[in-house]
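Report on the following structure.
The values are calculated or read from the model by the stated rules, or taken from the named source; none is laboratory data. Only a predicted model underlies this, so the values are computations on that prediction, with no experimental measurement involved. Note that we place each Cβ from the backbone using ideal geometry, even for glycine, and neighbour counts take in every protein chain shown. Accessible surface areas use protein heavy atoms only, side chains included; no ligands, DNA or RNA. Shrake-Rupley method; radii C 1.70, N 1.55, O 1.52, S 1.80 Å.
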Amino acid sequence: MLALSKKENLNKRVLDVGCSNGILLHHLQKMGFDVFGVEVDPHSSKMAKNIVGDDKIFTGFLSDSPYLD
């Protein structure tokens, strides 16, 4: 279960593979998580970038993303 306190969630990262329009990431971001997403569909990815931030979403496949490390 996710902690509800923003303080407890600071510095915790979440990667959503197949993040669609980013709505889950948006809610997690509001809870204090550092969020990142990967989305193949350019239209959905653009919507997610508008919601959570351009630098938080990678458009393409997970295998090509910077998040494998």
>> Pairs needed: first member in segment 10-21, without any contact (Cβ under 8 Å) to a residue 12 or more places away in the chain and among the charged types (D, E, K, R); second member anywhere, open to solvent by less than 80 Å² (accessible area, probe 1.4 Å) and not in a strand (DSSP E or B); C-beta distance under 6 Å; at least 6 residues apart or different chains.
In response: none
>> Here's a check for you: in segment 54-69, which residue that is in contact (Cβ under 8 Å) with a residue 12 or more places away in the chain and under 12 Å from the mean Cα position of the chain (by Cα) is farthest from residue 12 (Cα to Cα)?
In response: 59
